[in-house]
Structure formats: structure tokens, C-alpha cells
Amino acid sequence: MKKMKKALAILMAMAMVLVMSMSVFATTNPAPAKTKPVEADKATATVSNVEAGATVTAYRIVEPTYNDKGFKGYKLAEGVTLANMLEPTSNEVTGIAADKTLLATLTKETLSAPEGATGLTSYTAQLGAGYWVVIVEGSDIQEVYNPMLVGIYYSVEGSGDSNTLVNGAVDANSNWSLNSTPAYAKSEQPTIDKKITGSTGKDTSDGNENGNDVAIGDTVNFEIDTKIPSYSKSYKEVMVKITDTMGKGLTLADPANLVVTVNGATVEAGADTYTFTPAEDKKSFEISFASAYALAHSGEKVVVTYDAVLGEDAGLNFDANTNTAKLEYTNDPSGETNEIEDKTYTYTFGIDANLFGSDGSAWNKFTEELLKTGEVRKIILDSGEEVETTTLPGAEFTLTRADGKTYTTVSDKNGYLSFTGLDAGTYTLQETKAPEGYSLNDTKIPVEITATYNDNGTLNSYSIKVNNENTSTYTATYDAKDKGKVTNIDCTPEHENDWSDVSDTHEIKNTKLSALPSTGGIGTTIFTIGGCIIMIAAAGLFFASRRKTAK
């Protein structure tokens, strides 16, 4: 009996321990609290792939309703019309986004990007339940964004989450949650590509599509590739405009030859397509598409082709003749616009000329490839100082291109032979008229100009070779940010910064006529003197004979 009592006591003690343990576990892991849905409930809404710096605004078009038991269902926001409020269509969403009067009456929230964000980033905000139309705007953004739809919805644990709203009550006694699905911004960044397709006697193998060289008077063939941005139906009025500005040296060849194609088909200018406006000086033109036409041809490729001529006002050597094409377009339904551009660079070369026009930089020097020389002579400098020099002015020369085109010049007071407006290629130099008192040096001298280009079309370097010997190679350095801006020009061979001798000058020498024998070997002077002596002797004999006769 005592043993049974002892066993019963042990069992009762174990039961007490078990009960106490269960109490402890219950206190440590309480059941989830059940709080009914209320109007203040919010969840994080996220819109990804949006440019930093944009303004992202959400407008609620479907909103929740509540009663004393919690969430009841959904209803349309005042003024909003949808065939099915739980399944808005794309047309309905874009229509709402375009209705500025309606948007002004709707509940709205601004989404924010992380501080310091750059490039494409995500925008977030705490939004209440319902459907929200999200619109991306901003004057500093480049991309064209379509309106988006973001849903914030209730779900009950175990029922499965869905990014589509369900119009039904959430039991306040159930485990419920407020959910959202991130939206991904659908956008397009318009582009413009300006390129050189050819020029007189050359194609794009000369340099690249962004840069080349031609002679003054030559024609350059240009092409602009872009597209009309992809506009949604939320855009009611848009502006799409292409402008092209030709820098010094370039002039529109013939406006009538400009061709515009849209989606591969040639389109003529007109009130219902586009207007074409060339500048009076033919230095620029504008193509402006009609709004209705741009909307009707949204997303279609546009190609513009035209020709330009390089004139006498062209920049020489590294002084580029720049051509800038620009696309200006509406990039949000409120009418904000943005613009992008692309450039090409056309060059023409000069022998015995400045490296960069009239620029006052220390690296802009006068090159000295060709020099006409004779015998030592004395000259008076502008300062009035008398000095001795071998340089020879007044010699006429012709430079003939491989295709027969010719250039002429006369050596200046310092003896330099300046030829300008040349393209890269091979030439023949020959003196055609010597200065007075000098013999003609009619030696044919080969001249070659070669050039290399950077990827963006700017001139990297050019070399001039005279009589098969390299006089100099000139190489430019460009600004790290403005890759079209020259910051320095070096010369090879190096001259230790002594630009008084910029290049290895090729001298073309002439000889004075007085230093040469007359035509006919030993000359005619001896015969002239001999003839005079004979004539004097004959006259003496004649008079002597008459005296004898008289006697």
C-alpha cells in the first residue's frame, strides 16, 4: 500500500511539472494577435527602373471601404469610370492619366528614390489599399514613360496572395495582411545618330561615320537616324522636332535634295506630316512633325538624308567643322520636353598654316612644312631691322591632287608655301614660275597627307610627308568631359617646346640666273669680242689702202 501511495505521488508531481511547462511555453509563444483591417492600413509600393531625378506620383482610382468589422470591399474613386474596377484596361489607365482635371481631384502620393541615387533606380511610398495610377514626369528626364498601375490589396493567410484585387471582406478574426507587387516602369529612351555616309570621291572608310576630311568645295553626305518616341494614349499633344546645325564651313547643298523617310517610306512635307524650314543662310534646318502624325506613327523609325558643301570659311587642321543634329521631344503627358544630340566632325587641312585657326592657345602654332629658299639676301623687317636671309618670296607653285584637282600659291615674304582646304591623300608639288632673277626649279615633289580619327569622329592626328620624308606628325589631346574640345597639340619629332621650329621643313632651293653660264657651252661673248676686233682691223686696212692710192 505504501508503495502504491509513493508511485501515485510521483505521477502527480510529474503531472504538475508538465502543466507548469505548458504554461511557460504558452507564455513564450503567444498566438498571433488578430487586429481587424482599418482605413489607416498601408503597404510599401515600389516602382523600379525609373531615372533618378524624376517626379513619380501615384493617384488612387480604386479605394477600399470599411465597416465596424473591418475591410468590406472596393469602390471607384469619385469621378473614375471603369468597366470592371478590379481589372482596369490599358486604355482606361492611359485615359485617366491624360485627364488632368480628374487627376487633380484624386488622392495622390509622391514616391521617393533613395538619397543620392543615380541612373535607373526604384521609387517607393507607403500607400493604402486600392489601385493607383503612377505617372512619371520631369524636365530633366530623357526617357518617355507610360502610365503604370500599382495594386495594394488585402489577403487572408492561407488564401494565397495575388497582385489583382479581390472584392470581398477580410475576416477580422483571420490572420490577414496588406500586400503589394512591385511595378516595373515601361519606358523608352529616344536616340539620335548623326553620321557621315560619304563625300566627294570617298566613303566612310575615310576616317569613320562620325569624322572625315574633305577638300574645300567637296560635298559631304549626311544621315540622321532617330525615331518618333513610343507614346501611349495618355499623350494628347506632342512635339517631335529634328534640328540640324552646320558649323562654320558647311552649308546645306540643296534643300530640295533632303529626304525624310518614316518606317521606310518617303514622306513629303505638308501640314498633316511635317514642316521643313531651312535657314536663310542654309546653315541649319528644322523638321517639325505634326502632333497628330507623331502620335499616329508612335515608335516608328525616322531617317533624314541630305548633302552639305564645305566652303572657304572652313576651319583648318584641328579646327573642326562640326555638325550637330538634335531631337527635341515631349517626354511626359504634362507637356515637358527633353532634347538629345549627336555630332559629326569634318576636317580640311592646310600646309604652312595654323594648327587651329585663330585660337590664342599656346599650342596653336604656324606649321612650316614647305619653304622656298635662294641665296643670302638682306631684308628689312617690320621692326626696321636689317637682317640676312635665304627665304625667297614670289615663287609660284602648283599642287596637284591624284585626281587632277590643282591648287596654286605664291611663296610669301617669309618664303612659306601655304596651301589650304586639302583633304588627306597624295599630291604632286611643282614650281611653275621662278622669282625674277632666279632659275625655275621644275622638280616634281611628292606630297602626302594622312589622318587618324578617334571613335567619336574627332581628329586624333595628321601627318604631312614631303618628298617621301615625314616632316611632322601633329597629335591632339581632348578634354575629358567635352570630347570635342582640343586642350593641347603635340608635334613629332619633338622640338622640346621650341615652336620656332615646329616641323622638319622641306626647303625648295632656287639659283640666281647670273651664276649660270649662257646657253651654248662656252658662251657667245668671246665671239662677239672677236667679231669686233676683226671689224676694227678691216676698217684700219681699208683706210690705209686709200691713203696709199691717194699718194
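Below are the figures for this structure:
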| read-out | value |
| --- | --- |
| Principal axes of segment 281-398: Cα extent on each, largest first, Å | 78, 31, 22 |
| Equivalent ellipsoid semi-axes, segment 49-106, via Cα gyration tensor eigenvalues times 5, rooted, Å | 24, 16, 12 |
| Rounded D (µm²/s) - segment 351-423, Kirkwood Rh over Cα pairs, Stokes-Einstein at 25 °C, 0.890 mPa s | 175 µm²/s |
| Burial ranking of peptide ranges 288-296, 411-419 (average Cβ count within 10 Å, highest at the top) | 411-419, 288-296 |
| Rule-of-thumb Rg ratio for segment 179-219 [Cα; 2.2 N^0.38 Å; N residues] | 2.32 |
| Distance between modelled label sites at Glu137 and Asp412, nm, 7 Å Cα→Cβ extension | 6.0 nm |
| At R0 = 45 Å, FRET efficiency that the Cβ-Cβ distance of Lys100 and Asn456 yields, to 0.05 | 0.60 |
| Taking only Cα atoms of segment 404-448, radius of gyration then Dmax in Å | 11.6, 35 |
| Cβ-Cβ FRET estimate between Glu448 and Thr251, R0 fixed at 25 Å, reported to 0.05 | 0.30 |
| Accessible area per residue, Å², segment 261-306 with all protein chains present, probe 1.4 Å | 50 Å² |
| Volume of the Cα convex hull of segment 208-289, divided per residue and given in Å³ | 134 Å³ |
| Taking N as its residue count, the alpha carbon Rg of segment 188-346 over 2.2 N^0.38 Å | 1.07 |
| Cα-based equivalent ellipsoid, segment 251-297: semi-axes from gyration tensor eigenvalues, Å | 22, 12, 7 |
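The values are calculated or read from the model by the stated rules, or taken from the named source; none is laboratory data. The model shown is predicted, which means the values in this text are computed figures rather than measured ones. Here Cβ is always computed from backbone atoms with ideal geometry, including for glycine, and neighbour counts include all displayed protein chains. Side chains included, ligands, DNA and RNA excluded: accessible areas come from the protein's heavy atoms. Shrake-Rupley method; radii C 1.70, N 1.55, O 1.52, S 1.80 Å.
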